[in-house]
1. Roll a 1.4 Å probe over the protein chains and send me the accessible area per residue for the chain in Å².
2. At 222 nm, what value in deg cm²/dmol follows for the chain if DSSP H runs of at least 4 each add -39500 (n - 2.57) and the sum is divided by all its residues, to the nearest 500?
3. For ASP114, list long-range residues whose amide hydrogen, built 1.01 Å from N in the peptide plane, is under 5 Å from its own amide hydrogen.
4. Taking the chain as a Gaussian network, where each spring joins two C-alpha atoms under 10 Å apart, which residue of TYR79, TYR65, TYR18 fluctuates the most?
5. For ASP168, ASP20, write out the residues from largest to smallest accessible area, computed with a 1.4 angstrom probe and no ligands counted.
6. Quick one: if you stick a label point 7 Å off each Cα along the C-beta vector at ARG47 and THR102, how many nm between them?
7. Where q = 0.13, 0.18 Å⁻¹, what log10 of I(q)/I(0) comes from the Debye formula for the chain, counting one point per Cα?
8. Read phi for every residue in segment 141-158 and hand back ³J(HN,Hα) as whole Hz from Karplus 6.51 cos²θ - 1.76 cosθ + 1.60, θ = phi - 60°, with x for Gly and Pro.
Amino acid sequence: MKVTSAEIVISAVKPDQYPDSALPEFALAGRSNVGKSSFINKMLNRRSLARTSSKPGKTQTLNFYLINEELFFVDVPGYGYAKVSKKEREAWGKMIETYITTREQLKAVVLITDLRHPPTSDDRMMYDFLKHHGIPCIIIATKADKIPRGKWQKHLKVTKETLEVEKDDPIVLFSSETGEGKDKMWALFQEYMD
């Protein structure tokens, strides 16, 4: 897909703030600092539409990005970040859960993991949660540029085994540095929209 327009239209915390639109949505989930903002910026060819931060836990709302007036990316708060109070984490958890389990426009959740490391227990919990609720999931193993190409498959295997990925769930190698996996992701989004 050629991205001609992309803008953040709203940061929501509850359902009555979600965009009043029937367009398809894709939620982006992953732990804090896994590279969700870099993924968004790479997919949309923007340098800083999604603010990247060296301070994890920055996203505290559901950020709706409208792309080409055709679909939304929804950036959800990163999980597994320790510097946030338990109460705050529970509030985010509730906000994310409400969105993911009730939003009819949601086509799939993109679970972003770090190829360099096995998925965390939080990643596993998120994947199990999606499977439990029957929500389609695309797994991204990002930061592929940080690993020699010859070791990609070995690391992918670890990701698949740790998450116990079901065979129908796509898993895509991605790099926001090199653009590896970008075309494949657009093709998948198209598939889920059709």
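1. 52
2. -10000 deg cm²/dmol
3. Distant-sequence amide H within range of ASP114: THR142.
4. TYR18
5. ASP20, ASP168
6. In this crude label model, ARG47 to THR102 measures out at 4.0 nm.
7. Scattering profile of the chain, log10 relative to I(0): -0.64, -1.35.
8. My calculation for segment 141-158 gives 9, 8, 6, 4, 5, 8, 10, x, 3, x, 9, 4, 5, 4, 5, 4, 4, 4 Hz in order.
The values are calculated or read from the model by the stated rules, or taken from the named source; none is laboratory data. Keep in mind that this is a model prediction, so the values were computed, not measured. Positions of Cβ are backbone-derived with ideal geometry, glycine not excepted, and every protein chain shown enters the neighbour counts. All accessible areas refer to the heavy atoms of the entire protein, side chains included, with ligands and DNA or RNA removed. Shrake-Rupley method; radii C 1.70, N 1.55, O 1.52, S 1.80 Å.
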